[in-house]
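The values are calculated or read from the model by the stated rules, or taken from the named source; none is laboratory data. Since we're looking at a predicted model, the values are computed, not measured. Counting neighbours? That spans all protein chains shown, and the Cβs are built from the backbone with ideal geometry, glycine included.
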Amino acid sequence: MIKRRAFITLLGGAAAWPLAATAQQAGMPVIGFLYLGSPEPSADGLAAFGKGLGEAGFVDGRNVAIEYRFARNAFDRMPEFAAELVRRRVAVIVAPGFAAVSAAKAATATIPIVFTTGGDPVQSGLVASLNRPGGNITGVTSIAAQLGAKQLGLLHELLPNAERFAVLVNPTNPAISDPFVANLQAAVTKIGRQIEFFNARTNSEIDSAFAALAQKRPDAVLVNSSTLFNNRRVQIVTLAAHHRLPAIYGSRVMAEIGGLMAYATSDADDFRQAGLYAGRILKGDKPADLPVMQPTKFELVINLQTAKTLGVAVPPTLLAIADEVIE
């Protein structure tokens, strides 16, 4: 197993690796990996992607090469990176996140593309249907855009007297943020509470949003699933703790590093499934015939240490259904 620090170091110069030319000379297939985020915060997901590839019989450097392109949250670089991978004639493009798959789709209609997304890939126009995607694109959806009502319900169960909820949203990905917001607005109306939305597209806007939250003092916060937010998870969890704001997140890693609660699918498993599909395509399967994979399990993670720090008493009913309780 590759150690986390070593794996991060290995990825440090990934965007500049000239693997494709070497691999093509040796007849080795090349995977293009296009990602909006940065390699360092994504090490676990990248390791899971390698695991999925391994399950399909492929090992980086042995019988497949991987060309990484990390935009480090610079949206304007995504089309450029996607075009580079197309020019290199990679065998398949793996594109985690809506920004990545959108750029890849715009760059090629022939190279197979494997995505991971939290939105509805049919509604957003990525595929014709979940069972028969058609075209050159398939992948994995975590349906994060549809989890707002459930996350609100969990917060309401944790804090039954809470009247005012706030939501941190990254609006740069409307395929996730728009249905997430609509889902929450309908849910909060049913329980007769108030909700306010705060947008953040950059690191500085995350700071500004929490400064506004500190003034508004909502009873609890929901943090929308987003590549940006996952990459800035330490910043977000630290700010929530600093302002003593109970929060639920759309990624379990947020709870693992000190966030109060998380409800989501496994990000690592999404990456693993993407690796598995990339391997199957290298073996000859066509994206059009590979159904979009959907989650079969959602994880509730509760950080009891954070709850105690915030003075929040977690009811036994929530502890009983939690998949993991961090003490």
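Every condition in (1) surrounded by fewer than 19 Cβ atoms within 10 Å (Cβ to Cβ); (2) in contact with a helix residue (DSSP H, G or I) (Cβ under 8 Å, 6 or more places away or on another chain); (3) under 14 Å from residue 228 (Cβ atoms) holds for residue 205 except the one numbered (2). Against the test of being of a type outside the set (Lys, Arg), more than 17 Å from the chain's Cα centre (by Cα) and closer than 26 Å to residue 284 by Cβ, the options 101, 94, 140, 59 yield a single qualifying residue, 59.
Would you confirm, using the coordinates I've provided, whether residue 62 is at pLDDT 90 or above, under 19 Å from residue 277 (Cα atoms), part of a loop (DSSP other than H, G, I, E, B) and among the charged types (D, E, K, R)? Taking the combined requirement at face value, the residue satisfies it.
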